[in-house]
Every structure is written in structure tokens, then in C-alpha cells.
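Undergrad: My structure is below; once you've seen it, I'll send some questions.
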Amino acid sequence: MRFYLLLPLAIALLPTVAAADNCEVSISAGDGMAFSTRTMNIPLSCGEFTVNFEHTGRLPKGGMGHNWVLAQTSDVPEIVNAGITAGLANDYLPENDARVIASTPILGGGENASVTFETGSLNADSSYTFFCSFPGHSAMMRGSVNLVD
């Protein structure tokens, strides 16, 4: 059997990791409920980090909007629940919630946004998650954040 023919399939099945050598990463999501990556690495050498987020779909933000939110993993369920009552006008995030480390606004198809945040408050011993706060999306639209050397 010619195993080299299976190499593209094997590569496609590997989990994607958004790595950033220059303290910046690009992540996207379309009309389905999935980010383009499930893992993101932030170098410890970065004083600030920028996430460029793009909604590559066509649906409007009121119907299939997405955002990118960073928080400690343990805080995600409470942020998501509080975000439902905050509504679309507040990007489904509780206003001035200190548990939200960084976030983009809710985007509709074809829109993009960037967010830059200081990494000094991130702790290598803590667990961080990025997620979409649009109601019902966070269960499938989430990923882990790793602080790396």
C-alpha cells in the first residue's frame, strides 16, 4: 500500500494549533459553530498579544454571530449564563465583567475584529479557554490557551 497517499488525510485529522511567533494570531469561524482552531499558544515572551478574528460566513450577527472571548476556564459557564441576559447589544457578555480577559464584538458574516490584551496577568499555572458567547455556541465553540516558552 502506498502510505504517502494517506499523508494528506492524516494531516487533516490532526488537531490544529494556532501558534504565534510574533505575539499575534488569526482565528476564524464561519456559519457553522466551530473555530478554525481548538488550541492557541501564547508565547510567555509576549507582553501583549493580539487576536485577529474573522467571521468567514454569510449569516448576520443576529442569526449566527460569533465572537472570541478569553477567560479562565473555571469562569466560562458563569460568563456564558450572565451573557444571555446581557443580550446582543452587549455582545452577550456581562458589562464590565473582570473575569473577561479579552473579547471581540459579536460579528456577522464577512466582518472581522481584533483585540489586543496584556499577557502579564496570565498565569502559567492557570487554565484558560477561548469561546464564543453567542447563546448556545460555547458548548462547541471553545478551545484551550497555552502559555509557552
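Just so you know, all these numbers are worked out from the coordinates, no wet-lab data involved. Nothing here was measured: the structure is a model prediction, and the numbers come from that model. FYI the Cβ positions are ideal-geometry reconstructions off the backbone, even for glycines, and counts take in every protein chain you see.
Undergrad: Tally the DSSP beta bridges in the chain and give the antiparallel ones as a percent, rounded to 5.
TA: In the chain, approximately 60 percent of DSSP beta bridges are antiparallel ones.
Undergrad: Convex hull over the Cα atoms of the range 3-148, averaged projected area in nm²? Can you show the working numbers first?
TA: Numbers: hull surface 38.3 nm².
Here the figure is 9.6 nm², rounded to one decimal.
Undergrad: Can you give the extra length, in nm with one decimal, that the chain gains between residue 58 and residue 26 once fully stretched, where that is 0.36 nm per residue apart less the Cα-Cα distance? Before the final figure, lay out each step's value.
TA: Values: separation 32, 0.36 × 32 = 11.52 nm, distance 1.87 nm.
This chain segment gains 9.6 nm when fully extended.
Undergrad: What ranking do 104, 50 get, fewest neighbouring Cβ atoms within 10 angstrom at the top? Don't skip to the end; give the middle numbers.
TA: Numbers: 104 23, 50 16.
So the residues, fewest neighbours to most, are 50, 104.
Undergrad: Which whole-Hz ³J(HN,Hα) couplings does the range 69-86 yield from phi under the Karplus relation 6.51 cos²θ - 1.76 cosθ + 1.60, θ = phi - 60°, glycine and proline marked x?
TA: Karplus-based 3J(HN,Hα) across the range 69-86 equals 10, 10, 7, 5, 3, 5, 8, 4, x, 5, 5, 4, 5, 5, x, 4, 6, 5 Hz.
Undergrad: Long-range amide H contacts for residue 146: which residues qualify at under 5 Å (H placed 1.01 Å from N, peptide plane, sequence gap of 5 or more or a different chain)?
TA: Those qualifying (amide H under 5 Å, at least 5 residues apart or on another chain) are 40, 41, 42.
Undergrad: Given Cβ point charges of +1 (Lys, Arg) and -1 (Asp, Glu) and nothing else, what value in debye, to the nearest 20, does the dipole of the chain about its Cα centre take? Write out the running numbers ahead of the final one.
TA: Numbers: 6 positive and 14 negative charges, 131 e Å.
Roughly 620 debye for the chain.
Undergrad: If each DSSP helix of 4+ residues adds -39,500 (n - 2.57) and the sum is divided by the residues in the chain, what number results at 222 nm, nearest 500 deg cm²/dmol?
TA: Working: 3 runs with 22 residues, N = 149.
Value at 222 nm, helices only: -4000 deg cm²/dmol.
Undergrad: Taking 0.36 nm per residue of sequence separation and subtracting the Cα-Cα distance, how much length would be gained by fully extending the chain between residue 33 and residue 148, in nm to one decimal? Mind dumping the intermediate values first?
TA: On the way: separation 115, 0.36 × 115 = 41.40 nm, distance 2.73 nm.
Difference between extended and current length: 38.7 nm.
Undergrad: Whole-Hz ³J(HN,Hα) for each residue in the range 94-102, computed from phi via Karplus 6.51 cos²θ - 1.76 cosθ + 1.60 with θ = phi - 60°, x for glycine and proline: what do you get?
TA: With the stated coefficients, the range 94-102 comes to x, 5, 6, 7, 5, 6, 7, 6, 7 Hz.
Undergrad: Same structure again: Relative contact order of the chain, please, whole-number percent, based on alpha carbon pairs below 8 angstrom and at least 6 residues apart. Before the final figure, lay out the partial values.
TA: Numbers: 316 pairs, mean separation 42.9, N = 149.
The value is 29 percent.
Undergrad: If you don't mind, there's one more thing I want to ask. Pull out the extension gain between residue 116 and residue 96, defined as 0.36 nm times the separation in residues minus the alpha carbon to alpha carbon distance; nm, one decimal.
TA: 5.5 nm
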